[in-house]
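Working notes for the structure below.
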Amino acid sequence: MAVQGITATTSTNITGATHNSPPSIMPPELEQTLALLSSHRSVLGYLLLSRGDHVSIIRHSGVVFEGEQGKKYASVIGKMVESVQAGLEEVSGSENDGDQIRFMRIRTKRHEIMISPDERYLLAVLHDPAS
């Protein structure tokens with residue numbers, strides 16, 4: 001993807017179907033942030049996902065997110081965000097209308113995944129906390 005200008009993006013949804021999205025501009029700030037994330041020694045990779053009925057991988061970095069494994073991560077991350085948001089809405093009731101997840105951090109024995117949801121996108125970063 002080019003830093004400047006209009007580029008067409010190829011996305012793969014979790015069922016494996018590939019489609020070209022309309023031309024879009026990747027802001028230089030986002031390019032810089034993704035490059036910085038990728039260069040950090042403890043980061044194993046990142047996924048930039050579209051939100052909606054079908055979660056699609058817009059962009060990824062790291063071998064952990066290649067091929068079928070990347071599609072599995074994309075699907076699970078989408079489901080986790082939806083589930084946590086639904087739970088938040090259930091416990092919040094009417095007193096916290098419009099409350100939304102801003103950041104999720106999940107740590108396992110081996111890895112840590114950080115998820116930053118947006119209205120249209122999800123950014124997930126997987127890293128090794130031992131590094």
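The values are calculated or read from the model by the stated rules, or taken from the named source; none is laboratory data. Nothing here was measured: the structure is a model prediction, and the numbers come from that model. Methodologically, a virtual Cβ is constructed for each residue, glycine included, from the backbone with ideal geometry; neighbour enumeration extends over all protein chains shown. Surface areas here come from the heavy atoms of the whole protein model, side chains and all, with no ligands, DNA or RNA. Shrake-Rupley method; radii C 1.70, N 1.55, O 1.52, S 1.80 Å.
Below, the figures for the structure above:
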item	result
VAL55 long-range amide H proximity, modeled H, under 5 Å	ILE14
Ranking by accessible area, most exposed first, for LYS72, LYS109 with a 1.4 Å probe	LYS109, LYS72
The range 25-131: relative contact order as a whole-number percent, Cα under 8 Å and 6+ apart	29 percent
Karplus-derived HN-Hα couplings along the range 75-92 (A = 6.51, B = -1.76, C = 1.60, θ = phi - 60°), whole Hz, x at Gly and Pro	4, 5, 4, x, 5, 4, 5, 4, 5, 5, 5, 5, x, 4, 5, 5, 7, 6
Sites HIS54 and SER131 - FRET efficiency at Förster radius 41 Å, r taken between beta-carbons, to 0.05	0.80
Estimated FRET transfer efficiency when R0 is 25 angstrom, pair SER92-ARG120 (beta carbons, to 0.05)	0.65
Extension gain, LEU30 back to GLN69 (0.36 nm per residue minus Cα-Cα distance, nm)	11.6 nm
Theoretical FRET efficiency, 1/(1+(r/R0)^6), r = Cβ-Cβ of ARG41 and ARG107, R0 22 Å, to 0.05	0.75
The range 65-131: GluC sites (Glu not before Pro) in DSSP coil with no more than 10 other Cβ atoms inside 10 Å	GLU119
